[in-house]
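Note sheet for the following structure.
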Amino acid sequence: MLGRRSLLLAAGGSALLTACGEDPTAGPDRPGVARADVERLNLALALEHVEAAFYRAAAARDPRFADLAAQEAEHVDVLTRAVRGAGGRPAAPVTVRLPDTPLPELALRIEERRAAASLALVAQLENAGLLAATLSMHAVEARHVIALRELAGVALAPAEPLGQPADPETALADLRSWLA
Amino acid sequence: MTRRAFLAAVAAPLVVPATASAEDGALNYALLLERLQTTLYAEALKLEMGFDLAGLVRTFAEQEEEHVRRLRALGGREGDMRFSFALETRDEFLRLAPTVEDTVVGAYAGAVPAAATPAARTLLTQIVHVEAQQAATLRRLADEVAAPLAFEELLGRPVLLDRIRPFIAT
């Protein structure tokens, strides 16, 4: 089995760290990361923190969420290092409270909103390397939606031909309010 | 995949448009990926799939057709490459389809940076979202994990061509 470091190198996490300056083999001509992109990455990190905290709590109650919790924790780790590598101050972790509602339905609602926000953020990134790398994370979020539809007992397949973006700031506020 | 191979794969899509304008290249590449999928679904719909699976495949085929329409509307042009999967059974489709869709997701994700305009970039990212969900759906139908890794593979054009070579008909 691949180790965690190997997985990061084999997929988008590596590209993200490379684009943000954590790759020791990168040459001096590596393009810099604009301040606006660092802010977008940090907003993505804030969303990941909420999601990761939610899945951590959900997995403690229901082990079916353990794999999702592990993947979101990896996203948090890589985004934190990427923001720091680009000279930004990473968003801080958060604590959440699980409401007394069925977890699969709540998780699906969270993941759908988070994926829509991620779609908006990714499309705005100016740095090509960041765009590809964050898209490799976004695609996984989109897959999570399908996994959660199955847990929630609703039709699996995407109903629309195109993903629909949502305002990231609004989505973050929604997620926080649902888990306050 | 080695680190060097990975970085080369990430960089590869950026040189795809070298034979045309940057935007044309990204959109044309996307149309190649769409043809791969529309061929797969068209072959599947000729088989005895069962009511539910046939409905799902028809929905995916319609989604791919919409992708094609949108890509053409932004100036994408299809090349001559054709594909054949020589599907004979429903089970063959269920085994093959997740791999094809996983490959398409990685190829799209690797190619999006080559999009030269915000409109093309936005469209391609919106398509990646749905391709990933199609892949996850097909993986579940094949009893595979919907999201096997925390990060999607990023495929360059050479890797893509190597993977789809068995299905190239012309």
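Things to note:
- Residue-averaged beta-carbon neighbours from other chains (10 angstrom radius) around B:106-113: 5
- Taking 0.36 nm per residue of separation and subtracting the Cα-Cα distance, full extension of the segment from A:R35 to A:A180 would add 49.2 nm.
- Rounded to whole numbers, the Karplus 3J(HN,Hα) couplings from phi for the range A:62-74 are 9, x, 5, 9, 5, 5, 5, 4, 5, 5, 5, 5, 5 Hz, using 6.51 cos²θ - 1.76 cosθ + 1.60 with θ = phi - 60°, and x at Gly and Pro.
- Dimensions of the range B:102-141 from C-alpha coordinates, computed as largest minus smallest value along each principal axis and given longest first, are 36, 14, 6 Å.
- Taken about its Cα centre, the range B:31-133 carries a charge dipole of roughly 460 debye when the Cβ of each Lys and Arg holds +1 and the Cβ of each Asp and Glu holds -1.
- Pairs of Cα atoms farther than 14 Å apart, the range B:47-130, %: 73 percent
- Amide H contacts of B:F83 (H built 1.01 Å from N, in plane; Pro and chain starts excluded): B:A169 sit under 5 Å, all sequence-distant by 5 or more or on other chains.
- In order along the range B:66-82, the phi-based Karplus estimate (6.51 cos²θ - 1.76 cosθ + 1.60, θ = phi - 60°) of 3J(HN,Hα) comes to 5, 4, 4, 4, 5, 5, 5, 4, 8, x, x, 10, 7, x, 8, 5, 10 Hz; Gly and Pro are listed as x.
- Residue among B:S84, B:L71, B:L45 farthest towards the positive dipole end of the range B:25-110, charges placed on Cβ: B:L71
- Gain in span if fully extended, B:K46 to B:L94, counting 0.36 nm per residue against the direct Cα distance: 15.9 nm
- Förster radius 35 Å - calculated FRET efficiency between A:A152 and B:A54, Cβ distance, rounded to 0.05: 0.90
- Counting Cα-Cα pairs of the range A:43-146 in 10 Å increments starting at 0 gives whole-percent bin shares of 15, 49, 29, 7, 0.
- Measuring max minus min along each principal axis, the C-alpha atoms of chain B give extents of 44, 36, 29 Å (largest first).
- Mean separation of Cα contacts under 8 Å, 6 or more apart, over the residue count of chain B: relative contact order %: 34 percent
- Rounded FRET efficiency, nearest 0.05, which uses the C-beta distance separating B:M81 from A:R89 and R0 of 51 Å: 0.60
Any read-out appearing in this document is the output of simple, stated calculations on the displayed coordinates, not a laboratory observation. Only a predicted model underlies this, so the values are computations on that prediction, with no experimental measurement involved. Note that we place each Cβ from the backbone using ideal geometry, even for glycine, and neighbour counts take in every protein chain shown.
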